[in-house]
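The values are calculated or read from the model by the stated rules, or taken from the named source; none is laboratory data. Quantities reported herein were computed from a predicted structural model and do not represent experimental measurements. As a convention, Cβ positions derive from the backbone with ideal geometry for all residues, glycine included, and neighbour counts pool all protein chains shown.
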Amino acid sequence: MARMLPLFINVDGEVVNTVTTSESAAAAINRDSNGIGGCQIVGCFAALQSTGGKVTVRVYDDSDKTREKYSSEFDFTSVTQTSENLSAPIPFMDTPYWTAQGDANANGKICALIFYVQAISVF
């Protein structure tokens, strides 16, 4: 019988230099500046430069944003840092790509993201 072990991947922190009200271009979730595959997203940490606004983070299965597999709106009304843990992980066989989009109150602020990522392993 196969067993799953929660092996976390230390991924690079991602920074949106300036959040805009338009969805950003897709960027790869990386480890040591290289894409990752054979992983599952289990959550995300987000930090905004200052309070006020909401940022929507999306994760797609490719750089063309073909299939959106994760989307979450982070509310920074009264905090500058927040996170989300998923009840069920989202698997990716190839490198996942993320985007960010702010509302009018988050527009122009810097946002930092760290994805919680596990390796897919079976033995």
**OP:** Identify, from the list VAL79, VAL57, the residue that is farther than 13 Å from GLN118 by Cα and in contact with a Leu (Cβ under 8 Å, 6 or more places away or on another chain).
**Re:** VAL57
Subject >> Pair list, Cβ under 6 Å, 6 or more apart: region 92-108 residue in a loop (DSSP other than H, G, I, E, B), other residue among the aliphatic types (A, V, I, L, M) >> reply: THR95/ALA28; THR95/ILE36; PRO96/ILE29; PRO96/VAL59; ALA106/VAL19; ALA106/VAL55
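Please enumerate the residues belonging to region 48-57 that are touching a strand residue (DSSP E or B) at 6+ places or on another chain (Cβ under 8 Å) and either buried (at least 19 other Cβ atoms within 10 Å of the Cβ) or not in a strand (DSSP E or B) (or both).
Residues of region 48-57 that are touching a strand residue (DSSP E or B) at 6+ places or on another chain (Cβ under 8 Å), as a first pass: 48-49, 53-57.
If the condition is that a residue be touching a strand residue (DSSP E or B) at 6+ places or on another chain (Cβ under 8 Å) and either buried (at least 19 other Cβ atoms within 10 Å of the Cβ) or not in a strand (DSSP E or B) (or both), then LEU48, GLN49, GLY53, VAL55, VAL57 are the ones that fit.
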**OP:** Within region 83-122, count every residue that is at pLDDT 95 or above and of a type in the set (Asp, Glu).
**Re:** 2
Subject >> Residue list for region 14-26, filter: under 13 Å from the mean Cα position of the chain (by Cα) and surrounded by 15 or more Cβ atoms within 10 Å (Cβ to Cβ) >> reply: GLU14, VAL16, SER24, ALA26
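Considering only residues that are in a strand (DSSP E or B) and of a type in the set (A, V, I, L, M, F, W, C), which ones fall in region 64-82? Before you say what the answer is, go through the steps one by one.
In the first step, residues of region 64-82 are kept if they are in a strand (DSSP E or B); the result is 68-75, 81-82.
Matches in region 64-82: PHE74 only.
Being over 19 Å from SER63 (Cα atoms) and part of a loop (DSSP other than H, G, I, E, B) is the filter; apply it to region 1-16 and report the residue that is modelled with the highest pLDDT. Before you say what the answer is, go through the steps one by one.
In the first step, residues of region 1-16 are kept if they are over 19 Å from SER63 (Cα atoms); the result is 1-10.
Subset that is part of a loop (DSSP other than H, G, I, E, B): 1-3, 5-6, 10.
Numbers: MET1: 59, ALA2: 62, ARG3: 64, LEU5: 64, PRO6: 69, ASN10: 87.
Per the criteria, the residue is ASN10.
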**OP:** Considering each residue of region 66-91, count those that are without any contact (Cβ under 8 Å) to a residue 24 or more places away in the chain and touching a Lys or Arg at 6+ places or on another chain (Cβ under 6 Å), and give that number.
**Re:** 4
Original post:
Counting only residues that are in contact (Cβ under 8 Å) with a residue 40 or more places away in the chain and among the hydroxyl-bearing types (Ser, Thr, Tyr), which one in region 43-65 is farthest from LEU7 (Cα to Cα)?
Top reply: SER50
Subject >> Within region 84-123, tally of residues that are under 20 Å from LEU7 (Cα atoms) and either basic (Lys, Arg) or surrounded by fewer than 20 Cβ atoms within 10 Å (Cβ to Cβ) (or both) >> reply: 19
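Condition first: in a strand (DSSP E or B), of a type outside the set (A, V, I, L, M, F, W, C), surrounded by fewer than 18 Cβ atoms within 10 Å (Cβ to Cβ) and in contact (Cβ under 8 Å) with a residue 60 or more places away in the chain. Can you find one or more residues in region 32-42 that meet it? Walk me through how you get there before you give the answer.
Of region 32-42, the ones in a strand (DSSP E or B) are 34-35, 39-42.
The next check asks that each one be of a type outside the set (A, V, I, L, M, F, W, C); those that pass are 34-35, 40.
Cutting the leftovers down to surrounded by fewer than 18 Cβ atoms within 10 Å (Cβ to Cβ) gives us 34-35.
Cutting the leftovers down to in contact (Cβ under 8 Å) with a residue 60 or more places away in the chain gives us 35.
Yes, region 32-42 contains a residue that is in a strand (DSSP E or B), of a type outside the set (A, V, I, L, M, F, W, C), surrounded by fewer than 18 Cβ atoms within 10 Å (Cβ to Cβ) and in contact (Cβ under 8 Å) with a residue 60 or more places away in the chain.
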